[in-house]
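Undergrad: One structure follows; several queries about it will come next.
Laboratory data are not the source of any read-out in this text; all were calculated from the coordinates shown. Because the structure is predicted, anything quoted here is derived from the model rather than measured. As a convention, Cβ positions derive from the backbone with ideal geometry for all residues, glycine included, and neighbour counts pool all protein chains shown.
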C-alpha cells in the first residue's frame, strides 16, 4: 500500500506500529509485541511461534537513512557502484548540477592539448577533421589525411581548441567520447561538489524513498519491512 498523501503522518509509537502491522498483515493485535529500537524505529514480533518480525519506521527516518547511505557512498567515491540501478548518464547530470564544473578548466586544457598532440604524432586523420571544423587557415581541404602536421599547426589547433571552455561539461564528454561513467569519475576527482545537494538529487532520481525501499508504505506515514519469516 502506497502512503496516502491526503493523510497526515502521525508520530510512531509502539501501539501505532502494532496496529499498522496487525492491519496490513491481517494479524491479531494482541498476538504482537513491540519494542522501540530507537527513535523513529519500532520492532514488532509475532507471538505465535512463526518467528515473524517486522521493522516499522517513519518515512522521515527511512529518508534519513537513505540520505546517510548516499552521502557515505559519495564520500567513499562509490556512487557508481552503489547506485548501479541509476544510469551513469543520470548520475553525470546530477553531478553537473551540483559540481563547480569551472574547476575542470586546467584538466581540460591539459587533456585537449595532449589529445591534439597525440593525433598529430600518429598521423590520425581526425587532426585534419578538427582543423577543418575549426575553420583555421590554411584550409586543409587538399591535404592528404595521412600527412603529419607541422609543429606550428599543432600549436595553432591547440590554442584554438582551448580558447573557449564556456561549456566544460560538454567538452569533457567530447574528450571522453561520451563515456558518462568516466566523466563522473573526472568530475568527482577534479571539482568541488555540493555533496548534500547531490545526495538529495540522487535520491529523487532513484524514485525517492519509494524507489529505494522494499517496505510496505502505510497511510500513517510508516514503512513496514519484514525482518524474518518462519523457515519451512
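Undergrad: Just subtract the alpha-carbon distance of residue 90 and residue 214 from 0.36 nm times their residue separation and send over the number in nm, one decimal.
TA: Going from the current span to full extension adds 42.4 nm.
Undergrad: When only Cα pairs under 8 Å and 6 or more residues apart are kept, what is the percent relative contact order across segment 41-84?
TA: Numbers: 25 pairs, mean separation 11.2, N = 44.
Relative CO of segment 41-84 lands at 25 percent.
Undergrad: Another question about this same structure. When only C-alpha pairs under 8 Å and at least 6 residues apart count, what is the relative contact order of the chain, in percent? Each step should come with its number before you reach the end.
TA: Details: 284 pairs, mean separation 80.4, N = 232.
About 35 percent, as a whole number.
Undergrad: Here is a further query. Cα axis of helix 105-121 to longest principal axis of the chain: angle in degrees, 0 to 90, nearest 10?
TA: 50
Undergrad: How far is helix 88-98 tilted off the main Cα axis of the chain, in degrees rounded to 10, range 0 to 90?
TA: 90
Undergrad: Efficiency by 1/(1 + (r/R0)^6): what FRET value for residue 50 and residue 177, r their Cβ-Cβ distance, R0 = 45 Å, to the nearest 0.05? List each step's numbers first, then the result.
TA: Working: r = 56 Å, r/R0 = 1.24.
The formula returns an efficiency of 0.20 here.
Undergrad: Still on this model: Using Cα pairs under 8 angstrom and six or more residues apart, how large is the relative contact order of segment 100-192, in percent? Before the final figure, lay out each step's value.
TA: Working: 70 pairs, mean separation 40.6, N = 93.
So the answer I get is 44 percent.
Undergrad: Sticking with this structure for a sec: For the pair residue 76 and residue 97, what calculated FRET efficiency results from E = 1/(1 + (r/R0)^6), where r is the Cβ-Cβ distance and R0 = 22 Å, to the nearest 0.05? Present the calculation step by step, with values, prior to reporting the outcome.
TA: Working: r = 21 Å, r/R0 = 0.96.
FRET efficiency, residue 97 to residue 76: 0.55.
Undergrad: OK, next. Please give the helix 195-205 orientation as an angle from the longest Cα principal axis of the chain, in degrees from 0 to 90, rounded to the nearest 10.
TA: Its long axis makes an angle of about 70 degrees.
Undergrad: Can you give me the Rg/Rh ratio for the chain, using Cα atoms for both radii and the Kirkwood formula for Rh?
TA: Working: Rg = 27.8 Å, Rh = 21.9 Å.
So for the chain, dividing Rg by the Kirkwood Rh gives 1.27.
Undergrad: Can you put 39, 129 in order, fewest other beta carbons within 10 Å first?
TA: On the way: 39 9, 129 13.
Ranking 39, 129 by Cβ neighbours within 10 Å, fewest first, gives 39, 129.
Undergrad: Among 59, 126, which comes first, then next, by fewest other beta-carbon atoms within 10 Å?
TA: Details: 59 22, 126 13.
The fewest-first ordering by Cβ neighbours comes to 126, 59.
Undergrad: Taking 0.36 nm per residue of sequence separation and subtracting the Cα-Cα distance, how much length would be gained by fully extending the chain between residue 185 and residue 15, in nm to one decimal? Before the final figure, lay out the partial values.
TA: Details: separation 170, 0.36 × 170 = 61.20 nm, distance 4.75 nm.
Taking residue 185 through residue 15 to full extension adds about 56.4 nm, to one decimal.
Undergrad: Taking the number of other C-beta atoms within 10 Å as the exposure measure, put 85, 124 in order starting with the fewest. Display every interim value, and only then the final one.
TA: Working: 85 11, 124 17.
If I rank by nearby Cβ atoms, fewest first, I get 85, 124.
Undergrad: Between residue 197 and residue 37, take the C-beta separation as r, use R0 = 30 Å, and let me know the FRET efficiency to the nearest 0.05. Don't jump to the answer; show the numbers that get you there.
TA: Details: r = 30 Å, r/R0 = 1.01.
Efficiency computed from Cβ-Cβ geometry: 0.50.
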